Amino acid sequence: MTAAQVEDLVTDGELTWVEVCRLDDLAPERGAAALVGGDQVALVRLLDDRVLAVQQLDPFCGAYVMSRGIVGTRSVDGVDVPTVASPMYKQVFDLTTGRCLDAVGKEPVDLRTWPVRVVAGSVQVGVAAGSVAVGGAG
């Protein structure tokens with residue numbers, strides 16, 4: 001994955017949508033890392049072609065590895081939710097909310113999430129308008 005380019009930005013209300021890749025660049029049920037506005041983001045394409053984004057930083061081990069996590073599902077309050085398990089210590093997170101579902105005996109810490117949309121095959125991550133530096137290093 002590459003850093004977002006300035007020409008890939010589209011402002012839509014309170015969000016700036018940053019094009020990060022094509023949907024076809026993402027393998028289903030696998031993660032990929034992207035740099036969005038200075039933040040490392042783990043993108044996960046689900047089998048239904050939804051793409052979700054959580055922070056790449058594993059809050060339990062301090063390494064940027066969440067895109068290497070194991071993608072699955074868990075039942076939360078009777079609803080199946082997509083999850084990712086840390087490749088390091090196996091904590092499990094809800095990919096839609098970032099909530100830590102299984103802290104494996106530690107104090108739960110949630111992941112940050114980003115809105116994602118797919119427009120004409122382009123995967124775009126939403127960031128707060130004005131938070132992406134124009135002309136900054138990618």
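The values are calculated or read from the model by the stated rules, or taken from the named source; none is laboratory data. Every value quoted in this text rests on a predicted model; they were computed, and no experiment measured them. Heads up, the Cβs are rebuilt from the backbone with ideal geometry, glycines too, and the neighbour counts pull from every protein chain shown. The protein model used for the area step is the full one, side chains on, heavy atoms only, and it has no ligands, DNA or RNA in it. Shrake-Rupley method; radii C 1.70, N 1.55, O 1.52, S 1.80 Å.
Here are a few things to note about the model shown:
- The set of residues in the stretch 66-87 being open to solvent by less than 30 Å² (accessible area, probe 1.4 Å), within 9 Å of ALA42 (Cβ to Cβ) and not polar (S, T, N, Q) consists of MET66, GLY69, VAL84.
- Residues in the stretch 110-125 that are more than 16 Å from the chain's Cα centre (by Cα) and either free of Cβ contacts under 8 Å to residues at least 24 places away in the same chain or open to solvent by 50 Å² or more (accessible area, probe 1.4 Å) (or both): VAL119, ALA120.
- Criterion violated by SER131 - all others in (1) assigned to a strand (DSSP E or B); (2) at pLDDT below 95 satisfied: (1)
- For THR83: the one exception among (1) farther than 26 Å from ALA120 by Cβ; (2) over 13 Å from the mean Cα position of the chain (by Cα); (3) of a type in the set (Val, Ile, Thr): (2)
- Residue list for the stretch 58-115, filter: over 18 Å from ALA33 (Cα atoms), hydroxyl-bearing (Ser, Thr, Tyr) and assigned to a strand (DSSP E or B): THR73, SER75
- Per the listing LEU95, LEU47, LEU101, the residue uniquely under 12 Å from the mean Cα position of the chain (by Cα) and of a type outside the set (D, E, K, R) is LEU95.
- Filtering the stretch 2-12 for residues that are under 14 Å from THR113 (Cα atoms), part of a strand (DSSP E or B) and among the hydrophobic types (A, V, I, L, M, F, W, C) leaves an empty set.
- Those residues of the stretch 24-37 which are surrounded by fewer than 16 Cβ atoms within 10 Å (Cβ to Cβ) and either among the β-branched types (Val, Ile, Thr) or not in a strand (DSSP E or B) (or both), in sequence order: ASP24, ASP25, ALA27, GLU29, ARG30
- Qualifying residues in the stretch 38-57 (those that are in a loop (DSSP other than H, G, I, E, B) and touching a helix residue (DSSP H, G or I) at 6+ places or on another chain (Cβ under 7 Å)) - the one nearest to VAL123 (Cα to Cα): ASP49
- Scope the stretch 88-109; condition open to solvent by less than 90 Å² (accessible area, probe 1.4 Å) and in contact with a Cys (Cβ under 9 Å, 6 or more places away or on another chain); matching residues: GLN91, VAL92, PHE93, ASP94, PRO108, VAL109
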